[in-house]
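The values are calculated or read from the model by the stated rules, or taken from the named source; none is laboratory data. On a predicted model such as this, the values are computed, not experimentally measured, just so you know. Cβ: placed from backbone, ideal geometry, glycine included. Neighbour counts: every protein chain shown. Protein only, heavy atoms only, side chains kept; ligands, DNA and RNA dropped before computing areas. Shrake-Rupley method; radii C 1.70, N 1.55, O 1.52, S 1.80 Å.
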Number of protein chains: 2
Amino acid sequence: MINPFDDTYFMKKALQEAELALAAGEVPVGAVIVCNNQIIAKGHNQVETLNDATAHAEMLAFTAATNFLGSKYLKDCTLYVTLEPCQMCAGAAYWSQVGRIVFGASDEKRGYRHWQCQVHPKTEVKGGVLADESEALLKTFFENMRR
Amino acid sequence: MINPFDDTYFMKKALQEAELALAAGEVPVGAVIVCNNQIIAKGHNQVETLNDATAHAEMLAFTAATNFLGSKYLKDCTLYVTLEPCQMCAGAAYWSQVGRIVFGASDEKRGYRHWQCQVHPKTEVKGGVLADESEALLKTFFENMRR
């Protein structure tokens with residue numbers, strides 16, 4: 001049986017969030033959190049809009065998801081995010097004990113794996129889903145910046 | 001000339017925040033952010049109250065401070081926090097480029113230094129200010145938990 005709700009499907013939703021960030025002049029990173037094949041939270045980078053260095057896509061999505069569920073834990077949820085989480089967002093993932101993290105592009109500079117940071121030992125991590133699409137959005141942003 | 005606004009003075013204010021957390025049944029950690037000898041933001045751990053694993057004292061204080069200043073950077077500010085920041089909060093400190101971090105008790109289990117995490121290279125860090133008072137609050141909390 002075909003499952004339309006696969007990792008690619010939800011990463012496309014995260015990419016739509018990243019596009020909202022791009023349209024707002026933000027570094028285009030988007031995230032959705034999924035529980036039982038349903039999107040329960042969305043977020044896109046709003047650091048400039050909110051003047052808040054903590055307003056990464058994942059952080060906003062974590063807060064929205066825990067608010068929706070009424071639980072500080074996200075053990076049965078999957079975070080889809082277009083870019084590898086940074087140290088801060090990996091730390092938030094640790095505290096939320098999110099069940100799975102699926103990310104798009106790797107972040108060689110600020111990604112948590114390159115900083116030897118940790119997510120929760122029970123969290124499954126998969127990278128590289130629609131990485132090219134995520135990188136294309138980031139490239140567009142930085143090209144616009146240089147103009 | 002005596003300066004009443006020293007690190008001990010502001011750490012006492014952070015401890016008052018930690019006491020608010022304790023009274024609310026939260027792990028007692030408190031924080032204040034200071035700019036030009038003025039407290040511009042306060043925060044105490046609200047993870048249980050808000051059902052949000054990201055609602056650490058420092059995170060709430062960072063968001064409040066950047067909101068107050070209208071800037072995502074806190075280069076001329078000092079964060080006073082009663083417990084050594086975790087990976088997430090150290091990551092937030094990195095992004096905010098906070099000028100100084102003064103903390104109370106060390107956190108051997110979850111502290112950012114024990115996880116080989118980073119704050120911004122320009123951030124000055126000082127630990128051990130009123131560490132005993134901070135530890136006493138934490139001890140009270142965990143003793144209450146066991147009862």
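Remark: label point of residue B:39 defined 7 Å out from Cα along the Cα-Cβ vector; separations to the same position in other copies 4.1 nm, ascending.
Within the full protein context, the accessible area of residue B:35 is estimated at about 20 Å² for a probe radius of 1.4 Å. Specify whether the C-alpha gyration tensor of chain B places it in the rounded, prolate or oblate class, a ≥ b ≥ c being the square roots of the eigenvalues: rounded for a/c under 1.5, otherwise prolate if a/b is larger than b/c and oblate if not. Verdict is rounded for chain B. Accessible surface for residue A:88 stands near 0 Å², nearest 10, in the context of the full protein assembly shown (1.4 Å probe).
Surface burial for A against B, with a 1.4 Å probe and both sides summed, reaches about 2500 Å² of accessible area.
For chain B, the dipole from Cβ point charges (+1 on Lys and Arg, -1 on Asp and Glu) about the Cα centre works out to 280 debye, to the nearest 20. With the simple spin-label model, which puts each label point 7 Å out from Cα in the Cβ direction, the residue A:23 to residue B:147 separation comes to 5.5 nm. Across the alpha-carbon atoms of the protein assembly as shown, the computed radius of gyration and Dmax are 19.2, 79 angstrom.
For the pair residue B:36 and residue B:108, what calculated FRET efficiency results from E = 1/(1 + (r/R0)^6), where r is the Cβ-Cβ distance and R0 = 45 Å, to the nearest 0.05? Computed FRET efficiency for residue B:108 and residue B:36: 0.85. Using a 1.4 Å probe over the heavy atoms of the protein chains, calculate the carbon and sulfur portion of the accessible area of the protein assembly as shown as a whole percent. Taking all protein chains in place, the protein assembly as shown shows 50 percent carbon and sulfur surface.
Per residue, region B:50-92 exposes an accessible area of 29 Å² to a 1.4 Å probe, with every protein chain left in place. Note that region B:28-39 has calculated 3J(HN,Hα) couplings of x, 10, x, 8, 9, 10, 10, 9, 6, 6, 10, 6 Hz, one per residue in order, obtained from phi through the Karplus relation 6.51 cos²θ - 1.76 cosθ + 1.60 (θ = phi - 60°); glycine and proline are x.
Where a Cα-Cα gap under 22 Å defines reach, which lysines qualify for residue A:12, not counting those fewer than 8 residues away within the same chain? Those lysines meeting the cut-off are A:42, A:126, A:139. Helical runs (DSSP H, four residues minimum) scored at -39500 (n - 2.57) apiece and divided by the length of chain B put the mean residue ellipticity at 222 nm at -12500 deg cm²/dmol.
The distance separating the Cα centre of region B:1-72 from that of region A:105-132 comes to 30 Å. Across the identical copies, the 7 Å label point of residue B:76, projected outward along Cα→Cβ, sits 5.1 nm from its counterparts, in ascending order. Of the residues making up region A:36-81, those losing 20 Å² or more of accessible area when the isolated chain is joined by the remaining protein chains, with a 1.4 Å probe, are A:48, A:51, A:52, A:53, A:54, A:56, A:59, A:63, A:66, A:70, A:72. Putting +1 on Lys and Arg Cβ atoms and -1 on Asp and Glu Cβ atoms, find which of A:116, A:54, A:86 reaches farthest to the positive end of the dipole of region A:29-134. It is A:116. Label-point spacing for residue B:7 across the identical copies (point 7 Å from Cα in the Cβ direction), in nm and ascending order: 4.6. Relative to the current alpha-carbon distance between residue B:48 and residue B:9, full extension at 0.36 nm per residue lengthens the span by 11.2 nm.
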